[in-house]
Amino acid sequence: MWFSSGGTKSVLHNDGVDNINCLMSGSKDLFMVDKKYADMVHIDVAQGSYSSVDVDSVDVHKYPGLGKVPWWKAHMEAGDCLYIPYKWYHQVRSYGRNLAINIWWVPITRFNESMCFEEKDGENIRKPLSQYASLSLYGFSPGEYHRHTLLDEVLNAPDADKQGISRRTLTELAEEMVSSEEEVTNEPRKGWKKAVKKIFEVSDVNNDRYLERDEILQIPSSLLVAAMGNAAEGPDQSKAEVADNYAREHGLTPDELDTGSLEGDTQEEGSEDNPEDEFNPLESDELQFEENPASHTEL
């Protein structure tokens, strides 16, 4: 939820999720740039994915791309909803008593259109909207957020690196995500290196030491969370629920978990893993699960 007395403005930024912004009161103007023009936008504060440009007085000598980049303007009045695509750059100005609600969700990687239809009198017809689940029933899924990050990394890699994600690249991405989480929580996150190793053991089906698109799609969501952290808070769960979810995703039985099936791995030569830095699915503080499609309302 976003609210103000008006006269506010945002920095020029982008978000790593899809976004629908609905305005309840007041009006807004949005400056928007397609993500394909990234090299012209000058995002110089990487940690927050925003530009330090003065949005009221753009220095075109310091930010020459902003004087040439194609852009769009959107004006919103109360009752309007605007879709802001994944990683599109935008800057927002609000006027008058202002109240807006936005919903974020991870861009989908798979879509089964048949779920939108039902058979009636021998024909497939589209289900009425009343039969669809409300977004309010769903929560943000950190695992699916990380999955999309990896898929995006493969999609945007140089042609020479299109074979997939190497263990080194995954480790670097995981370390960046975990470090960001630790800055917020002020607590070290244990076990993430072991989880990175487990991802390759479970998902590198052809043993080529790269995670390709189809292999990334098969990584258990819980394992992505263990390796890359909680991008958002999930629901509180008991250790039994955590273990049950992990066992189901890996085709294991509770007995196999109890006997330490995940802790019997030998450390690879030259690995930086600390023997105490263990990934244990029974540590509920380490893993939180959300099986629903990803969406999140900022409060």
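For this structure, a couple of remarks:
- In this structure Trp72 has an accessible area near 120 Å², from a 1.4 Å probe over the protein heavy atoms.
- For Val53, no residue has an amide H sitting under 5 Å from its own, ignoring neighbours fewer than 5 places away on the same chain, with H placed 1.01 Å from N.
- What the phi angles of the range 62-76 give under the Karplus curve with 6.51, -1.76 and 1.60, with θ = phi - 60°, is a coupling list of 7, 10, x, x, 5, x, 10, 5, x, 8, 10, 10, 10, 10, 10 Hz, glycine and proline written as x.
- Partners of Lys190 within straight-line reach, counting lysines whose Cα lies under 26 Å from its Cα and excluding those fewer than 8 residues away in the same chain: Lys198, Lys239.
- Derived scalar couplings between HN and Hα for the range 50-60 equal 9, 9, 8, 4, 6, 5, 8, 8, 6, 7, 6 Hz in order, rounded to whole Hz, by the Karplus curve 6.51 cos²θ - 1.76 cosθ + 1.60 (θ = phi - 60°), x for Gly and Pro.
- Asp80 long-range amide H proximity, modeled H, under 5 Å: Leu23
- With each label modelled as a point 7 angstrom along the Cα→C-beta vector, the Asp59-Asp121 pair spans 6.9 nm.
- Per residue accessible area in Å² of the range 81-206, where ligands, DNA and RNA are left out and the probe is 1.4 Å: 59
- For the listed residue pairs Lys35/Lys193; Lys9/Lys68; Lys36/Lys193; Lys36/Lys127; Lys87/Lys194, the alpha carbons are over 26 angstrom apart in Lys35/Lys193; Lys36/Lys193; Lys36/Lys127; Lys87/Lys194.
- Across the range 208-225, rounded Karplus estimates of 3J(HN,Hα) from the backbone phi angles (6.51 cos²θ - 1.76 cosθ + 1.60, θ = phi - 60°) give 9, 6, 10, 9, 8, 3, 5, 6, 4, 5, 9, 5, x, 4, 5, 6, 5, 5 Hz, Gly and Pro being marked x.
- With a Förster radius of 30 Å applied to the C-beta separation of Asp15 and Arg167, the computed FRET efficiency comes to 0.60.
- When a 1.4 Å probe is rolled over the protein heavy atoms, the share of accessible surface on the range 118-158 that falls to carbon and sulfur comes to 50 percent.
The values are calculated or read from the model by the stated rules, or taken from the named source; none is laboratory data. These numbers were taken from a predicted model, which means no experiment stands behind them. Here Cβ is always computed from backbone atoms with ideal geometry, including for glycine, and neighbour counts include all displayed protein chains. Quick note on the areas: whole protein, heavy atoms, side chains included, nothing else; ligands and nucleic acids left out. Shrake-Rupley method; radii C 1.70, N 1.55, O 1.52, S 1.80 Å.
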